Structure formats: structure tokens, C-alpha cells
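Here's the structure we're looking at; comments come further down.
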Amino acid sequence: MQTREIKKEDFDEIVEVIDRWWDGPINTFAHPIFFYELGDKALIVESDGKMIGFLLGFIAHHPVKTGYVHLVGIHPEQRRRGVGRLLYEQFTERCKDAGCVRMKAITTLGNEGSQRFHLAVGWTVQEIENYAGRNRKRLVFTKDLVPTA
Ligand SMILES: CC(C)(COP(=O)(O)OP(=O)(O)OC[C@H]1O[C@@H](n2cnc3c(N)ncnc32)[C@H](O)[C@@H]1OP(=O)(O)O)[C@@H](O)C(=O)NCCC(=O)NCCS
């Protein structure tokens, strides 16, 4: 399997598969801004010419330069084969090269798979009250990056 930068055709496919890959209606999260304006660091993973995973993410500049993972999805039949880990490694490397000092992602409390995945790849988790509005707590994942000398 290989990672590469996202193209418009990949974004179109993400919009089409995302509800199935996430097992629920989430396609509004694949807003076109994450391709057109914030897509220069987004990645997909292919196997035999087919997309098996994607990561929509970007660099945020406030409060510190941060690599932010907005949305990640792996084909349901390709899970637990290291695809998510590979996407996170490559995206993190690109953010580090661009001068980021930390990584960040969020999810809802019921997303046990996501929580276990982030812990497995070495991120830290915090449950934050009212993060997404009143009574809307979220799990906030972060990882500090050690600058390369
Ligand atoms: C969460 C998700 C991205 C993980 O991707 P993946 O390619 O299956 O993950 P990997 O194979 O790289 O897993 C790396 C490690 O994370 C942990 N892990 C991953 N998924 C897990 C799960 N569902 N339950 C428990 N641990 C899990 C394991 O320790 C795993 O290593 P192992 O398989 O050797 O035990 C994928 O399941 C997915 O797309 N889920 C639906 C969408 C979603 O929840 N996205 C994340 C929201 S932020």
C-alpha cells in the first residue's frame, strides 16, 4: 500500500463512501473546504489502485502551530492492518517538516475504536467538558512533536 496526496477525484470518492466507512451519516464532515482550501496536507492510501483510507487534515496556526486531523476513515474490510497508523505517521511527518509543534484531533465519547487507535499510536487523550458547546463534551487527542535538530 502507498500514501499519496489527495486529488479532486479522491475527494469525490470520499464524499461517496464516507457514510458507509463510518457506519452513519457523517458526509457533512467532508466539507469541500478540506480539499480546496485546507487540502494541501491531506493524504490517501491506495492498494492495487484502490483507495483504502483517507486523512483530511491541515495545519492550524493558533494557539501554536498544530497538525490537525479533521477526519480519517479506513475501508471497513481493511481495518487493523496498519493503514490508519501509516496515514498518521505520514501526516505527522509532513506537519513536523512544516514546523508544527503538536498534533491534535477530536472525537465523540462513544467512539471507542478511535480512542483505542489514538492511544495505540502514542497520542494523549483528555475528556473536555463543553468542548463543542454547552453539554457537548469531546475527547481531545494531542501529541507533542519533538523538533528535529
Ligand atoms: C479508527 C480507525 C481510523 C483505525 O484505523 P486502522 O487502519 O484500523 O488502524 P490500525 O490498523 O493502524 O491500528 C493501529 C492500532 O490501533 C489500535 N486500534 C485500531 N482500531 C481499533 C479498534 N477498533 N479497537 C481497538 N483498538 C484499535 C490497535 O492497537 C491497532 O494495532 P493492532 O491492530 O496491531 O492491535 C478506523 O477503525 C476507522 O476508520 N474507523 C471509523 C472512522 C473513525 O472512527 N475515525 C476516527 C475518528 S477521529
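The values are calculated or read from the model by the stated rules, or taken from the named source; none is laboratory data. It should be emphasised that the depicted structure is a prediction, and the values quoted were computed from it without experimental measurement. Every residue, glycine among them, receives a Cβ derived from its backbone with ideal geometry; neighbour counts consider all protein chains shown. Surface areas here come from the heavy atoms of the whole protein model, side chains and all, with no ligands, DNA or RNA. Shrake-Rupley method; radii C 1.70, N 1.55, O 1.52, S 1.80 Å.
Descriptive notes on the structure:
- FRET efficiency for ASP97 and ARG136, using Cβ-Cβ distance with R0 set to 35 Å, rounded to 0.05: 0.55
- Between ASP144 and GLU37, the contour length at 0.36 nm per residue exceeds the alpha carbon distance by 36.0 nm.
- Here the chain is assigned +1 on the Cβ of each Lys and Arg and -1 on the Cβ of each Asp and Glu. Its dipole about the Cα centre then comes out at about 560 debye.
- Per residue, in Å², the accessible surface of the chain once ligands and nucleic acids are set aside, probe 1.4 Å: 59
- Accessible surface of the stretch 70-119, 1.4 Å probe, proportion on carbon and sulfur as whole %: 44
- Positive-end residue of THR108, GLY122, TYR88, charge dipole of the stretch 64-149 with Cβ unit charges: THR108
- Across the stretch 2-144, Cα pairs under 8 Å and at least six residues apart give a relative contact order of 17 percent.
- Of all aspartates and glutamates in the structure, the ones whose alpha carbon falls short of 14 Å from that of LYS8, not counting any fewer than 8 places away in one chain, are GLU16, GLU37, ASP40.
- Most to least packed among 3-13, 22-32, 54-64 [average Cβ atoms within 10 Å]: 54-64, 3-13, 22-32
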